[in-house]
1. Output the 0 to 90 degree angle, nearest 10, between the alpha-carbon long axis of helix 266-277 and the longest principal axis computed from the alpha carbons of the chain.
2. Determine the alpha carbon to alpha carbon distance for each of Lys60/Lys137; Lys191/Lys304; Lys215/Lys304 and list only those over 20 Å.
3. Output the 0 to 90 degree angle, nearest 10, between the alpha-carbon long axis of helix 37-53 and the longest principal axis computed from the alpha carbons of the chain.
4. In the range 126-232, what is the volume of the convex hull around the alpha carbon atoms, normalised per residue and reported in Å³?
5. List the pairs from Lys44/Lys211; Lys54/Lys222; Lys44/Lys274 whose alpha-carbon separation is above 31 Å, in the order I gave them.
6. 7 Å from Cα along Cα→Cβ at both Lys215 and Leu42: what's the point-to-point distance in nm?
7. Quick one: if you take sqrt(5λ) for each eigenvalue of the C-alpha gyration tensor of the chain, what semi-axes come out, biggest first, whole angstrom?
8. Report, please, the projected area of the range 216-352 averaged over directions, based on the convex hull of its C-alpha atoms, in nm².
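The values are calculated or read from the model by the stated rules, or taken from the named source; none is laboratory data. Since the model is a prediction, treat every value here as computed from it, not as a measurement. For neighbour counting, all protein chains shown are included, and Cβ atoms are generated from backbone atoms with ideal geometry for every residue, glycine included. For the accessible areas, the whole protein counts, side chains as well, though only heavy atoms, and no ligand, DNA or RNA atoms are used. Shrake-Rupley method; radii C 1.70, N 1.55, O 1.52, S 1.80 Å.
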Amino acid sequence: MINLYSTQIESISLHRVGNQNKGEGVFLSEEPFALNDETTGLLKEYFFKPFREKEENYFKLSNDVDVEFNEIFKIVSQIFDDPSSCHLNSKKIASHLFEQSNHPHIKSGEVYVGHLTGILLDNKKVDAIGIFKSELKHDFLQLEERGNNLDILVQQGININKLDKGCLIFNVEKEEGYKVLSVDSNRYDAKYWIENFLSAEPLSDDNFKTKNYLKFCQNFAKDVVLPAEDKQQEVLFMNRAVNHFAKNDAFEESNFLTEVIENPELIPEFKHYKVEKGPKYSIEDVSSFDIANKAVSDARKKIKNVINLDTNIQIKMDFINPESAEKFVEKGWDEERQMYYYLVYFNKEQKT
C-alpha cells in the first residue's frame, strides 16, 4: 500500500515531447525547474492525485533478454545511484519518450521528471522517480482590465485536476525491475506508455494474484454458475468468495473450493474452467498466496450484488451477511401466472 502524504519533490525537470510522425520535435530544458512553495503544492496535487484514487496495480520494468537492457531501467538506476544526475538523466528519459512518439494518435505534451523522497510503500520510506506527461490542453478564461471595462481573453492551459499519464518507479526490488505504479487517463494510445515507453509488465505479487483470482471467480460465476443455477446463486457465490478472501490472511485453493462452492458438481467445472481461462488472468499455476486486503476491498466495490428483474424490480443482496439472502429469499415458479417469483421474509421494514 502506498502513502504519498509526506512525499517531497527534491527536483523536477520539464521538457516538451512532440510527435515524430507529425514532424514535431523535442524541447529539452537546460536547467531543472526552480520550485517554490506554491508550485510545489500544485504539482504534488497534480502528480499524486491519480495514484491516490486509482487501484494499485503494480508493474515491473522488463526486457526479453534481461532487465538491464531496459532503457528506463538503466536511466533510473543512474538517478538512484546519484540523485544529482536527475536533470541530465531526465533529458535521456524525454528523448527516449520522443523515440516512441511516432504513431499518429500520440499527442505532443510536456514531460515532468522528478526525484521524490519520503514515500511510504508498505509502511517503509522509499524514494522514487516520477515521470509524468500532460497532453490535453483546455480552454480557460482570463479577465483583464482595459480602461473602465473588463475584457475576456480565451487562453489554453493544463487542467491540473487531470493528469494524462504518469508513473512512479520505486527504489525497491531492483533485481526484478523495480516496483512501478502507472496511470493513463487516455484510451487512444493504450500501448504507448506501458509497453513502448516503459517496457513494463504486471508484477505478479500478492495484490496481483488476489485481484486476478477474484476477477476469475467473477467470470466463473457469470459463465458457469449462472447458466447452471440462477442469478441468485451467481450473486451468492461471489458473496461467499469475497467473504472467504476477507476473513483469511492466506489463500489455499482446496479450502476455498470446500467453503465457497456449495454444489459439489461445480467443483470439477471450476477446475476445468481454471485450466481453460486461468492463463487469461495469469493464475493457471496459482493455488496459494498471501491475501492483499486492499485488493479485496477494491473488488468488493466493483462486484455487482443486485438481481435485476424484467419487471423493473431490483433485489439487492448483502455482501457482508450473505446468509440472510439464503435464509430469507426463496425463488419459485407460479403456474397460474407462468412467471418466476422471489419470496422475501422479514420482520419489519427498516427506515433509511
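1. 30 degrees
2. Lys60/Lys137; Lys191/Lys304
3. Taking Cα atoms only, the helix is inclined about 30 degrees.
4. Details: hull volume 23.9 nm³, N = 107.
Normalising the Cα hull of the range 126-232 by residue number yields 223 Å³.
5. Lys44/Lys274
6. Taking the two extended label points, one gets 3.7 nm.
7. Values: eigenvalues 441, 148, 73 Å².
After scaling each eigenvalue by five and taking roots: 47, 27, 19 Å.
8. Working: hull surface 41.2 nm².
Mean orientational projected area (the range 216-352, Cα hull): 10.3 nm².
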